[in-house]
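Shown next, in structure tokens, is the structure this report addresses.
The values are calculated or read from the model by the stated rules, or taken from the named source; none is laboratory data. This structure is a prediction, so every number in the text was calculated from the model and none was measured. Don't worry about glycine lacking a Cβ; one is built from the backbone with ideal geometry, like all the others, and counts go over all protein chains shown.
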Amino acid sequence: MLLLDAGNSRCKWAFHADGAWQQQGVLENADTASWQLLQARFAGMRAPQKIVVSNVAGETIARRIIEACSVWGMMPEFVTAPGFQCGVHNAYEQAGQLGSDRWCALIAAWKREQGACLVVNCGTATTIDALTANGEFTGGLILPGMTMMQRCLTENTAQLNVAGGARQHFPRNTADAIYSGAVRATAGAILQQRSLLQEITGLTCPVLLSGGAACLLVDELHGTAALVDDLVLQGLYIIGSGSSCNI
């Protein structure tokens, strides 16, 4: 099975066969040459039985995915969030408006935890989604990602145009202040949502962190979080497998 997770900035892909992840890669959405190379690489691979895609990057990327997969004469299956799937209830007011990446991550988290947890994806945007003990996605937050927070300040404030920075408890230079502020703001939102989820469930709820910036948050979350690679790809595999949804 070929799985593709097209986020706002990058597309991850993975080929799963014979019970294991066989090949994986990542490319920038805006890099046309990389998409051409991906198509050439796919041409040298055996055809998958199925192609399952999460795409939140729009129609242009959808067309590039379809073109890359055309080497096998196959049409990808694009995931959308239904009201119920793979043990997870979708409580979004309009189920289909929930991003497919968030939905896939929730499904992977439910299969892993089988209980209440907070599902955090740290990319261009940071999403913080809550699962209850009975598998209900009860809602979540969308924040600017940490890089976006920093860029917003540096690009829109005349005297804060600095780069870099390191995490400090009480920063004493502007670069550290901006970087630490982005990390602390994101961690604070996660801890607040975890506290709220624990109030309504009466349970200790783990935090599952995924995405490129996830590693920056672990220390800020005081031992409550676990790094889990590629939650969206895992969720795509569960959805695509069909039988694995019966959990």
Testing residue 119 on (1) surrounded by fewer than 20 Cβ atoms within 10 Å (Cβ to Cβ); (2) of a type in the set (A, V, I, L, M, F, W, C); (3) touching an Asp or Glu at 6+ places or on another chain (Cβ under 7 Å), one condition comes back false. Which one is that?
(1)
Qualifying residue in the stretch 33-44 (condition: out of contact with any helix residue (DSSP H, G or I) (no Cβ under 9 Å at 6 or more places or on another chain) and under 26 Å from residue 122 (Cβ atoms))
yes
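Among the residues of the stretch 222-247, which ones are crowded, with 17+ Cβ neighbours inside 10 Å and out of contact with any Cys (no Cβ under 6 Å at 6 or more places or on another chain)? Full working, then the answer.
So in the stretch 222-247, the residues crowded, with 17+ Cβ neighbours inside 10 Å come out as 225, 228, 230-240.
Matches in the stretch 222-247: 225, 228, 230, 231, 233, 234, 237, 239, 240.
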Count - residues of the stretch 200-238 that are within 26 Å of residue 8 (Cβ to Cβ), β-branched (Val, Ile, Thr) and out of contact with any Leu (no Cβ under 9 Å at 6 or more places or on another chain)
1
Restricting the stretch 1-19 to residues that are within 20 Å of residue 211 (Cβ to Cβ) and charged (D, E, K, R), the one surrounded by the most Cβ atoms within 10 Å (Cβ to Cβ) turns out to be 5
Surrounded by fewer than 17 Cβ atoms within 10 Å (Cβ to Cβ), farther than 17 Å from residue 227 by Cα and in contact (Cβ under 8 Å) with a residue 60 or more places away in the chain: which single residue out of 91, 133, 163 fits that description?
133
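If you take just the strands (runs of 3 or more DSSP E) that sit entirely in the stretch 1-74, which of them hold at least 3 residues that are out of contact with any strand residue (DSSP E or B) (no Cβ under 8 Å at 6 or more places or on another chain)? Spell out how you get there, then give the answer.
Details: elements: 2-6, 10-17, 20-28, 51-55.
By residue number, no strands (runs of 3 or more DSSP E) qualify.
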Among (1) in contact with a Lys or Arg (Cβ under 7 Å, 6 or more places away or on another chain); (2) at pLDDT 90 or above, which single condition is residue 139 missing?
(1)
